[in-house]
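Reviewing the structure listed below.
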Amino acid sequence: MRSWDDLSPFPMLLPSWVPGVAAGIASLHLIQKLLFPYFWADLRYLLKVLLYGLRVESYRQRGKIVTVLDKFVKLAEKQPHKAFLIYDGKALSYRDVDRRSNRVAQVFLHHGALKKGDTVALLMGNEPDFIHVWFGLAKLGCVVAFLNFNVRSRSLLHCLTSCEPKILIVGADLLGTLEEILPYLQKDISVWVMSKDSTFPSVHSLLDKMEAASEDPVPVSRRSASNLKSSVLYIFTSGTTGLPKAAVISHMQVLKGAAGLWAFGATAEDIIYITLPLYHSAASLLGIGGCIELGATCVLRKKFSASQFWSDCKKYNVTVIQYIGELCRYLCSQPVKDGEKNHKVRLAVGNGVRNDVWREFLNRFGAVKICEFYGATEGNICFMNHTGKIGSVGRTNFFYKLFFPFDLIKYDFQKDEPIRNKHGWCEKVKKGEAGLLISQVNAKNPFFGYAGSKRHTEKKLLSEVFKKGDLYFNTGDLMVQDHENFLYFWDRIGDTFRWKGENVATTEVSDVIVMLDFIQEANVYGVSVPGHEGKAGMASLILKQNKAIDLEQMYKQVVTYLPGYACPLFLRVQETMEMTGTFKQQKFRLVDEGFNPSTITDPLYFLDNSKQTYILLTKEVYERILSGQIKL
């Protein structure tokens, strides 16, 4: 019988050691797959992070600070006719947006008496003029404060007081929201409205002056940045706890935010769909900034619409969508239609999607890569789930921690503070345990704090954590790191409550409740019960359309899947769920209202273990709970 060498056209060219080397390489590959399955994905992501960091550092070394606005102006020269914004079916090119923002800059150069570094507040909804005004003011070197248009009265006045603007620019449709506080603004702040005339004699019209203004650019020296750490924006926190705070946003943070879409694999050919409010960092920095970083096109919508979402995606050939909070769930809650997978969306970038919604979204709408990330507006730490593992907000490894040092530490929920040992140092949690995420503050990863009171900035910092002189940013978020180094959001500190000596995570409870086929949404929180330590669990529920609550099934679900201390004692069935402007559940009003049937008109129910069901919470049952006749 002839050997393979006899049959081969190149006999005896392979040395005898080649098969051994090949077997060794195959073995190493197999070992890598088994022991380090995410090695190449991690390496690609890390190289991207390093590449971007080196690019920014090279600009700095050459004494040339290139901001996101500088990049936009260059793109307006390089690709003037490419669509930058599409709004209500109308396309605005890079040149169009550049020239209209020049008009804004020219108006305030000649009429606003603004100096470089002055603050201007912007109260507008999602529309192209939001971006024109933002860019125009930035071209003058102003710090722009994005105001949440859902904020009213005292809270709005607080926002304006904290950022101390010289000028307030208001969208035509939002001028009415100022009526109550306008008398208090006249003394210090000049108010301009984005319309041709104003109902208030003391308010200036911006549109008239823009139409008469020149499209010529203002001097580059007005916008030039000498330091990446200088302030460029104020973005307000959502205000789920107390009054909103103005987070200081630097050029460095804008550059980092703008790199997010690129890091997840978006390109200049992508079309990004933005339905989130522009006053939020996800839409403004990641969305608009991300489009500029790529040189791409974005489709801007006035307001998110679950019913029109996919129609818009098909109409405009959208390839990248943004989500936050419950947006994906709203889409999954829509009636099923034919052809739901017939779209071009390939990436969904955002944060806050639940595991069950993640799976349902993929099953229903096709092979869209969910790019979940973690990052607070004011924070100095960010995680990105570049592998697509369901439920995770990102990954870490030895090298990532070298560049972005962070830790998860033990937390005392009763005292609402980190646990310190007998030596006064904080202690790290083990893998698989929930801990408070803290991120080291240093020259490479600074924390810029909040405008206004220094007290707010100081409250977000932890010192003397592991050694004398160290300083960490307290994210206020509890996270879990598993044995594969994936990170998972567990809960907010303020949302976690203690009952019967145990800590209850609201997300854990709500995830169990929404598994029921008649539950649309669950908002879990703790309520005070007189005579009891801690807070008892309560769940506000939204039922699915044409569905009734099954109290026995609800009881069976919670006692089966939750420890006894985590089962909600009270249920409240509502028609609508109150949300913040960033689609987060608003809990604090519900907490204040408690479970009193005399003051709450919504149906209330109480967990009755003796009957193995939830029963109607009547005034009589309420009084028996307060008197202690019913033991909790």
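Looking at R154, R55, R60, R99, just one residue is out of contact with any strand residue (DSSP E or B) (no Cβ under 9 Å at 6 or more places or on another chain), in a helix (DSSP H, G or I), of a type outside the set (A, V, I, L, M, F, W, C) and modelled with pLDDT of 95 or more, and that residue is R99. For G526, the stated conditions hold: it is within 26 Å of R498 (Cβ to Cβ), assigned by the TED database to the domain that holds E620 and touching a Gly at 6+ places or on another chain (Cβ under 7 Å). Listed by position, the strands (runs of 3 or more DSSP E) enclosed by the stretch 520-623 that each have at least 3 residues that are under 30 Å from A282 (Cα atoms) are 536-543.
Against the test of being open to solvent by less than 10 Å² (accessible area, probe 1.4 Å) and in a helix (DSSP H, G or I), the options L207, L160 yield a single qualifying residue, L160. Scanning the stretch 137-151 for residues that are of a type in the set (A, V, I, L, M) and part of a loop (DSSP other than H, G, I, E, B) returns L140, L147, V151. For S540, indicate whether it is among the polar types (S, T, N, Q), open to solvent by less than 10 Å² (accessible area, probe 1.4 Å) and within 30 Å of L604 (Cα to Cα). In short, yes. No other residue among G564, G594, G526 is at positive phi, in contact (Cβ under 8 Å) with a residue 24 or more places away in the chain and open to solvent by less than 80 Å² (accessible area, probe 1.4 Å) apart from G594. Examine the stretch 444-453 for a residue that is assigned to a strand (DSSP E or B), within 22 Å of F373 (Cβ to Cβ) and of a type in the set (A, V, I, L, M, F, W, C), and state whether such a residue exists. No, that holds for no residue. The set of residues in the stretch 388-422 being among the β-branched types (V, I, T), crowded, with 18+ Cβ neighbours inside 10 Å and over 19 Å from the mean Cα position of the chain (by Cα) consists of I409 alone. As for the stretch 162-179, it holds at least one residue that is more than 25 Å from the chain's Cα centre (by Cα) and in contact (Cβ under 8 Å) with a residue 60 or more places away in the chain. Sub-7 Å Cβ pairs linking a first residue in the stretch 423-436 that is touching a residue at least 60 places away in the same chain (Cβ under 8 Å) to a second residue that is open to solvent by 80 Å² or more (accessible area, probe 1.4 Å), at least 6 apart or interchain, number zero. One residue is enough: does the stretch 302-324 have a residue meeting the conditions under 23 Å from V393 (Cα atoms) and of a type outside the set (V, I, T)? Yes, the stretch 302-324 contains a residue that is under 23 Å from V393 (Cα atoms) and of a type outside the set (V, I, T). Go through the stretch 301-356 and give me each residue that's hydroxyl-bearing (S, T, Y) and either open to solvent by 20 Å² or more (accessible area, probe 1.4 Å) or farther than 28 Å from N523 by Cα (or both). Those that are hydroxyl-bearing (S, T, Y) and either open to solvent by 20 Å² or more (accessible area, probe 1.4 Å) or farther than 28 Å from N523 by Cα (or both): S305, S307, S311, Y316, T319, Y330, S333. Checking each residue in the stretch 481-491 for being out of contact with any Leu (no Cβ under 7 Å at 6 or more places or on another chain) and either open to solvent by 10 Å² or more (accessible area, probe 1.4 Å) or not assigned by the TED database to the domain that holds V441 (or both) picks out D482, H483, E484, N485, Y488, F489. Check the stretch 363-370 and report whether any residue there is basic (K, R), assigned by the TED database to the domain that holds L462 and either touching a strand residue (DSSP E or B) at 6+ places or on another chain (Cβ under 9 Å) or open to solvent by less than 10 Å² (accessible area, probe 1.4 Å) (or both). No, because not a single residue in the stretch 363-370 is basic (K, R), assigned by the TED database to the domain that holds L462 and either touching a strand residue (DSSP E or B) at 6+ places or on another chain (Cβ under 9 Å) or open to solvent by less than 10 Å² (accessible area, probe 1.4 Å) (or both). Among the residues of the stretch 79-96, those that are assigned to a helix (DSSP H, G or I) and open to solvent by 20 Å² or more (accessible area, probe 1.4 Å) comprise R95, D96.
Residues in the stretch 496-512 that are open to solvent by less than 40 Å² (accessible area, probe 1.4 Å), touching a Phe, Trp or Tyr at 6+ places or on another chain (Cβ under 9 Å) and closer than 23 Å to E593 by Cα: T496, F497, W499, V504, A505, T506. Only strands (runs of 3 or more DSSP E) whose full extent lies in the stretch 237-304 are considered here, and the ones with at least 3 residues that are within 30 Å of I493 (Cβ to Cβ) are 246-250. Has the stretch 184-202 got any residue that is touching a Leu at 6+ places or on another chain (Cβ under 8 Å), within 30 Å of K74 (Cα to Cα), not in a loop (DSSP other than H, G, I, E, B) and not aliphatic (A, V, I, L, M)? The answer is yes, given that some residue of the stretch 184-202 is touching a Leu at 6+ places or on another chain (Cβ under 8 Å), within 30 Å of K74 (Cα to Cα), not in a loop (DSSP other than H, G, I, E, B) and not aliphatic (A, V, I, L, M).
The values are calculated or read from the model by the stated rules, or taken from the named source; none is laboratory data. What you are looking at is a predicted structure, and each value in this text was computed from that prediction instead of being measured. Cβ: placed from backbone, ideal geometry, glycine included. Neighbour counts: every protein chain shown. Note: areas computed on protein heavy atoms with side chains; ligands, DNA, RNA excluded. Shrake-Rupley method; radii C 1.70, N 1.55, O 1.52, S 1.80 Å.
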